[in-house]
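Only one structure is covered here, and it is reproduced in the block below.
No value in this document is a laboratory result; all are computed from the given coordinates. These numbers were taken from a predicted model, which means no experiment stands behind them. Glycine also receives a Cβ, built like all others from the backbone with ideal geometry; neighbour counts cover every protein chain displayed.
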Amino acid sequence: MRGNPTNYSQKQVAKEINLKELYHVIKGRFWIVILITLLATSAGAIYSTFFTTPLYQSSTKIIIDADAEYRKTLQVIIKDSTVLEKVVKELGIERSSEALAGQITVASIDNSQVVSISVVDSDPNQAAKIANTTAKVFKDEIPNIIDFNKVTILSDAKVFPFPINENQNRTIMISFVLGLIIGIGLVLLLDSLDDSIKSEYEVEELLGLPVIGTVSKMNNKNVKKKNNSYSELEIRGETIGLK
């Protein structure tokens with residue numbers, strides 16, 4: 001069954017009017033959108049610059065000559081307090097072995113015998129020192145723990161001077177988008193709380209009657225222009241002898 005073309009046309013007109021209204025609402029208070037967007041973007045830039053602690057990562061690689069299951073056991077021992085307490089003591093750092101364990105990630109590379117020991121720290125030099133010392137202490141202590149000595153240091157950790165969590169552009173972009181959304185939302189909220197009539201369409205909707213005519217807005221510029229027109233007409237009348 002075909003729909004009523006009149007109803008469809010009315011819906012299209014209503015939709016067009018609503019979109020126009022939305023456009024004019026945002027346009028009328030666009031300064032609010034700009035202000036909130038600028039404030040949010042500035043806040044994001046300040047936060048990412050001054051309140052985000054940069055973190056640095058450094059990794060060393062060791063070879064553990066053992067089968068997969070035994071290697072998993074050895075990887076667990078790397079982060080155990082038995083090893084890390086000696087690392088803390090050797091480096092003279094003021095933190096517990098548990099806190100240090102939270103900074104260390106141990107993983108087998110591509111299921112091979114090569115194991116990486118990665119350390120994250122706020123100091124790039126300290127990150128490299130912790131990684132290298134952990135590998136050294138593990139190699140020295142593992143024979144005393146489980147009588148295993150097939151550990152070789154493949155490569156030392158080097159200082160990596162670039163933060164792994166530095167992504168200022170992403171933070172600023174998120175702040176910009178959030179500011180834009182909040183700004184538009186606030187404009188729409190203010191408009192919904194405003195009961196004043198702002199368009200002919202609202203008058204027709206409220207009274208149920210068509211608008212016959214409108215009174216143009218008067219301002220000083222229009223008044224001066226009209227006064228000038230009357231003066232010119234008066235001068236012309238005098239010139240041609242109308243007075």
Q | Distance histogram in 5 Å bins (all Cα pairs of the stretch 56-155, percent per bin) | A | 2, 14, 27, 27, 18, 9, 3, 0
Q: Quick one: grab Rg to one decimal and Dmax as a whole number for the stretch 121-174, Cα atoms only, in Å.
A: 17.1, 55
Q: Considering Cα pairs under 8 angstrom that are at least six residues apart, work out the relative contact order of the stretch 56-155 and quote it in whole percent.
A: 43
Q) Which value in nm describes the separation of the simple spin-label points at Tyr47 and Asp123, placed 7 Å from the Cα toward the beta carbon? A) 2.9
Q) Tell me, what HN-Hα J-couplings in whole Hz come from the Karplus equation 6.51 cos²θ - 1.76 cosθ + 1.60 at θ = phi - 60° for each residue of the stretch 95-106, using x for Gly and Pro? A) 7, 7, 5, 5, 5, 5, 4, x, 8, 10, 10, 10
Q. Relative contact order for the stretch 121-162 using alpha-carbon pairs under 8 Å, separation at least 6, rounded to a whole percent?
A. 52
Q: Please list 124-134, 160-170, 95-105 highest first by mean number of surrounding beta-carbon atoms within 10 Å per residue.
A: 124-134, 95-105, 160-170
